[in-house]
Amino acid sequence: MTTTSFTTTKSEEIFSAALKLMPGGVSSPVRAFKSVGGQPIVFDRVKDAYIWDVDGNHYIDYVGTWGPAICGHAHPEVIAALHEALEKGTSFGAPSVLENVLASMVIDAVPSIEMVRFVNSGTEACMAVIRLMRAFTGRDKIIKFSGCYHGHADMLLVQAGSGVATLGLPDSPGVPQSATANTLTATYNDLEGVKAIFEANPNDIAGVILEPVVGNAGFIPPDAGFLEGLRLITKEYNSLLVFDEVMTGFRIAYGGAQEKFGVTPDLTTLGKVIGGGLPVGAYGGRKDIMSLVAPAGPMYQAGTLSGNPLAMTAGIKTLELLQKPGTYEYLAKITKKLSEGLLAIAKETGNPACGGYISAMFGMFFTGGPVHNYEDAKKSDLTKFSRFHRGMLERGIYLAPSQFEAGFTSLAHTDEDIDRTLAAAKEVMSSL
Ligand code: KE4
C-alpha cells in the first residue's frame, strides 16, 4: 500500500484561506487536527463508508461525521426522502406530523423516554436537561464526570472531554465561576467517589449526568455495576439520573446504552443519529418530569428550527433503516473484527495498547492500560497516537483526529474495508 500519491495541495490552499476567515479555520475545534498535527483534509463529498477530499484522495471513514452516519453517508433512501420533503419547504416553525412520527419512534425505542422535546444539537439537549433536572428537584448542584463531554454550555464545560480534552484546555475562559460553582465532578467508574459527594451534599444534588459509555475521553465502557450503582444512589437521595446518549443513542443498541445495560435513567439526551446527519438534538424521559417543560409547564426552552421537517425526515428514515433485522448483529460483527484486529496488530508489532468496542463504537489507547477513566486515558502515548493517525490517513484511513474521541463504524462498512484498514494498521504500527 503506497502513499506516494498522497498529495493535499488543494486541502492546504482551502484550509489556509479558512484560517483567515474562521477561528482555527474550522466550525468546530476538534476538526482542526490540532492534537494530531498536520493540516486537516478538506472534504469534497462522502458516500457509504467513504470520503473523497478536494485532492481526490479516497478514505475509509471511521468518524462518520461524529456519529450520525451510522447507515453510511448519503444513504439513497435518506436522500430520496429529503428530496421529497424539500418540495414541501425547509422549515415550518409550526407543528408537523413528522415530529409526531419521530417522537413516537424515539419513545418506542428508548426505555426511559415517555415524552420528548426536539432541539437542534446535543449541546442544546444537555443544557435543557440540566435546567429541567433543577426545575424538577428544586436543587442546584449537578454531578458530571471528568472526561465526559455534554456540549459546550457553561455549566458543563468543567473537566470536559472531546475537543476540550483534545486541546488540553483547563476548561474555558469566559465561563464565570458562578456558572460552574454548582457543577461537581467525579471520576468515571468510581462509585465510592460519587457516594462521597452525595454524603457531603445529601439534599442539594439535582442529578447525575454521564455518558453511559464514554466516547469523549476515548472509548471507555462502564465497569460492571457502575451504571446500576448510579441508579441506586440517585434514587436513594431523591436525585435524578441522566444518560447523555447523544453519541450512544441508537448506536450501542437501538434503545441505546440503557437498553444494552438494562439500566433506565430518569432523563435521556439524544442527537446525531436521530437527525440522520441534519441538525437535531432531543431530551426526554418520565412524563411527570417532562410535563414541566413549557408550554405544558413553567420550565422555558425554545428553538426556531427545532423539529424542522428536513431533520425529522432524515431522522425518521435513518431509524427505519436501523430497525431492519440483523442491523446490530452486523455492526457488532464488523466492529469486533476491526477492534480485535487492531489490538492483535498492536501486540504483534510491540506497541502496548488496550481498548475495545460495543456495537458500532470502538476505541484504542496506546498504553498497556487498563483505562477505566479519563486520568488513565491521559497516560496513553499521545505522540504515538498522532503518528498512527497520520500514517493511517496517508494510507486512506480516516480516524478521529484525537485520542480523546471514539471510532464509529456503519452499516456501509464491508469486510473488505476492515481488511484494508487492518493491513494499513499493520504497516503503520510496524513503523511506530
Ligand atoms: P453537539 O452540540 O455537538 O451536537 O452535541 C454535544 C455532545 C453532547 N453529548 C455527547 C455525548 C457528545 O458526544 C456531544 C458531541 N460530540 C462531539 C464529538 N465527540 C461532537 C464533535 C464536535 O464537537 O465537533
On a C-alpha basis, how far is the centre of the stretch 33-48 from the centre of the stretch 130-194 in Å? Whole number, if you could? 29 Å
Which distance in nm do the two modelled labels at ASP288 and ALA302 give, with both placed 7 Å along the Cα-to-Cβ direction? 3.0 nm
Just tell me which aspartates and glutamates come within less than 15 Å, Cα to Cα, of LYS384; anything on the same chain fewer than 8 places away is out. GLU427
Please work out whether the stretch 145-264 counts as rounded, prolate or oblate from its C-alpha gyration tensor, where a ≥ b ≥ c are the square roots of the eigenvalues and a/c under 1.5 means rounded, while otherwise a/b larger than b/c means prolate and anything else oblate? oblate
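Most exposed first by the Cβ proxy, i.e. fewest other Cβ within 10 Å, how do THR421, THR304 rank?
Numbers: THR421 23, THR304 8.
So the ranking, lowest neighbour count to highest, is THR304, THR421.
For ALA423 and LYS333, what does the FRET efficiency come to when R0 = 22 Å and r is the distance between their Cβ atoms, rounded to the nearest 0.05?
On the way: r = 19 Å, r/R0 = 0.86.
So the FRET efficiency works out to roughly 0.70.
Obtain the radius of gyration and the Kirkwood radius of the stretch 249-400 from its C-alpha atoms and give Rg over Rh. It would help to have the intermediate numbers written out before the result.
On the way: Rg = 19.6 Å, Rh = 18.5 Å.
Using only Cα positions, Rg/Rh for the stretch 249-400 is 1.06.
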When the Karplus curve 6.51 cos²θ - 1.76 cosθ + 1.60 is applied with θ = phi - 60°, which whole-Hz ³J(HN,Hα) does each residue of the stretch 72-82 get, with x for Gly and Pro? x, 5, 6, 4, x, 6, 5, 4, 5, 5, 5
Can you spot the lysines whose alpha carbon is less than 22 Å from LYS235's alpha carbon? Ignore those fewer than 8 places along the same chain. LYS141, LYS144, LYS195, LYS260, LYS287
Rounded to the nearest 10 degrees, the helix 415-430 long axis (Cα) sits at an angle to the longest Cα principal axis of the chain of 70 degrees
Using only the alpha-carbon atoms, what does the chain span along each of its principal axes? Please give whole angstrom values in decreasing order. 62, 54, 47
For the stretch 337-402, what class follows from the C-alpha gyration tensor (a ≥ b ≥ c being the square roots of its eigenvalues): rounded when a/c is under 1.5, otherwise prolate if a/b is larger than b/c, else oblate? rounded
From the square roots a ≥ b ≥ c of the eigenvalues of the alpha-carbon gyration tensor of the stretch 359-432, which class results: rounded (a/c under 1.5), prolate (a/b over b/c), or oblate? oblate
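Quick check: residue separation of ASP223 and PHE92 times 0.36 nm, minus the Cα distance between them. What number comes out in nm? Can you show the working numbers first?
Details: separation 131, 0.36 × 131 = 47.16 nm, distance 4.46 nm.
So the extension gain works out to 42.7 nm.
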Spacing of the two label points (7 Å from each Cα toward its C-beta) at THR9 and ALA181, in nm: 5.9 nm
Less than 27 Å apart at the alpha-carbon level, and either on another chain or at least 8 residues along: which lysines does that give for LYS88? LYS47, LYS272, LYS317
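When each pair of different Cα atoms in the stretch 246-304 is counted once in the 1/r mean, what is the Kirkwood radius in angstroms, to one decimal? Before the final figure, lay out each step's value.
Working: mean 1/r = 0.0791 Å⁻¹.
After inverting the mean inverse Cα-Cα distance, the result is 12.6 Å.
Laboratory data are not the source of any read-out in this text; all were calculated from the coordinates shown. Everything numeric here is computed off the predicted structure, so don't read it as measured data. Methodologically, a virtual Cβ is constructed for each residue, glycine included, from the backbone with ideal geometry; neighbour enumeration extends over all protein chains shown.
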